[in-house]
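Working notes for the structure below.
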Amino acid sequence: MVSAYLNMVQSHRCISTSVACISEDHGMPLKKHEKVGLLDNKKPVKDNIAIPNSQPSENHNHTPLVTALKASAKQNVASFHFPGHNRGRAAPSSISNLIGIQPFLHDLPELPELDNLFSPEGPILDAQEQAAKLFGAAETWFLVGGTTCGIQAAIMATCSPGDTLILPRNAHISAFSSMVLSGVIPKYIIPEYDFDWDIACGVTPSQVENAIKKSENKGRKASAVLITSPTYHGICSNLEEISLLCHSHNIPLIVDEAHGAHLGFHKNLPRSALSQGVDISVQSTHKVLCSLTQSSMLHISGNIVNRERICQCLQTLQSTSPSYLLLASLDAARAQIITVGVWNLGISGFEADDILYESYGVVSELTGTRSITFAINLGTSRDDVLRLVSGLQHLSQTYKLVPLKEERLNDIQSFMETSSGMRLSPREAFFASKRKVTFKESIGNVCGELVCPYPPGIPILIPGEVITEEALGYLVDVKKNGGFVSGAADPSLSSIVICT
Ligand SMILES: Cc1ncc(COP(=O)(O)O)c(C=O)c1O
């Protein structure tokens, strides 16, 4: 039987969820390989959240923004304001037939009774304060541009053009766009790597310390450190030690907690970033919690970060027409993510994923060569879990004891040490003129695009860096082993974009 491999839980890192043991005595709802049809509509689940930062008497069901939106939508008014669908009266029928009229009725602009996202004094302020209390922040901002815009704001608020930012090489693409926007110079940490799972892991305090020292030795004090914790696969770094370290150098620590909004809401989960002393945490509330896609939160703590600058950056980056549906949906809930290893079944994660989808109607969040990640949230039903368990049982019964061919890619860390480094800053490379050359011709040129193979999910080519033969060889190896390459204008890699 396939079990969820939790042997990754080590002192310096741990997986972000507790995983229920998959037991044989759960019934199987579907016959093996029975084709599945459309899924039933799910019934809504009850809000049943453990609240770490609160007194028992507090009313957590108080939702000031939802209440204000409801009252505003109920008014019998002749509206002469945007959006043009006029509270649903002019909604295109193709979409209103699909989702109903209610979303349009509540898709209101910044009316006086609904407050203003950039200078909140009413229900938005109230809702953000409630969120800050729940998540243990000094201040919380609601975001309508996802964690992407929160990461960009956090970096722009802590770093100025030419400053150094320490970050893992496999940071989310938003960190790279932040460097273009801010003109920051990166100092990369190559994250630890787990070859059994074929996934990148966390960053250790000693790696951060080394990066800080190396920057200082070059006369460049880092202006901020950015860490992704948990990673997409649920690996958490030791943020407590990393924040102590950063603070001893008076450097703010930003945490990309896109996948960790649920942390701290159950005793078996790792601690949240804020509870470990970080200065800024940005969470995709829409990922593991239950808000609408694109809605996130940025939290600050401590006194290193300049809150006015955060406000200014968010105002620069966000729409002046924020969606109240997104804002009102930022109600917290908790969820879980599990990653299941398949490497000892003799099939790749991609093949296992196809079988789970085709035969059991199970749709995963993320697939790799040797693992599959499933996101479990408050909307996941017992039936969904049983269906997943059935699929995993089928896989383990069908494929067990067939060892996967041991085709290990080069050690990414030693590979990176030999890489020839940055010729242009990310910002200079972004604005440089570019052209496409053949794969082979690109060697020795300055790369003009971000090329990231999965696995390992660590960019091999970053705009501004010199393209080496080894880097291209690495990309070829990844493709040969069933992985794929993202970010390249030409996904077949016949050509590469270079700066001219
Ligand atoms: C680690 C990480 N950070 C940031 C983001 C961006 O989050 P959002 O989709 O909320 O903009 C993602 C999205 O997948 C992510 O995986």
With each pseudo-label sitting 7 Å past Cα toward Cβ, what's the SER321-VAL385 distance in nm, one decimal? 4.3 nm
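Figure the gain on full extension for ALA489 and GLN312 (residue separation times 0.36 nm, minus the Cα-Cα span) and round it to one decimal in nm.
Computed gain between ALA489 and GLN312 is 60.4 nm.
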Among TYR454, TYR324, what is the fewest-to-most ranking by other Cβ atoms within 10 Å? TYR454, TYR324
Once amide hydrogens are built 1.01 Å from N within the peptide plane, the residues lying 5 or more places from THR228 or on another chain with amide H under 5 Å from its amide H are ASP256
How much length would be gained if the chain were fully extended between VAL77 and ILE95, taking 0.36 nm per residue of separation minus their Cα-Cα distance, in nm to one decimal? 4.1 nm
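Charges only on Cβ, +1 for Lys and Arg, -1 for Asp and Glu: so what's the dipole of the stretch 123-335 about the Cα centre, in debye to the nearest 20? Write down the numbers at each step before the final one.
Numbers: 14 positive and 17 negative charges, 70 e Å.
Around 340 debye, computed over the stretch 123-335.
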If I model a spin label as a point 7 Å beyond the Cα along the Cα-Cβ vector, how far apart are those points for THR67 and GLU216 in nm? 5.1 nm
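Roughly speaking, what is the stretch gain from PHE350 to LEU292, that is 0.36 nm per residue apart minus the C-alpha to C-alpha distance, in nm to one decimal? Each step should come with its number before you reach the end.
Details: separation 58, 0.36 × 58 = 20.88 nm, distance 2.80 nm.
Taking PHE350 through LEU292 to full extension adds about 18.1 nm, to one decimal.
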Kindly list the residues of the stretch 421-455 that lie in the label zone of VAL476, defined by a backbone N under 12 Å from the point 7 Å along the Cα-to-C-beta vector. 439-441
Applied in sequence order to the stretch 433-438, the curve 6.51 cos²θ - 1.76 cosθ + 1.60 (Karplus, θ = phi - 60°) yields integer Hz couplings, x standing for Gly and Pro, of 6, 9, 8, 9, 10, 5
Relative exposure of SER381, SER119, SER182, SER495, judged by other C-beta atoms within 10 Å (fewest first): SER119, SER381, SER495, SER182
Can you tell me the FRET efficiency between SER248 and GLU358 if r is taken as the Cβ-Cβ distance and R0 is 60 Å, rounded to the nearest 0.05? 0.65
Rank these for me by crowding, CYS499, CYS149, going from fewest to most other beta carbons within 10 Å. CYS499, CYS149
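Quick note: the coordinates plus some simple rules give every number you see, no bench work behind them. Model, not experiment: these values are computed from the prediction. Note that each Cβ is placed from the backbone with ideal geometry, even for glycine, and that neighbours are counted across all protein chains shown.
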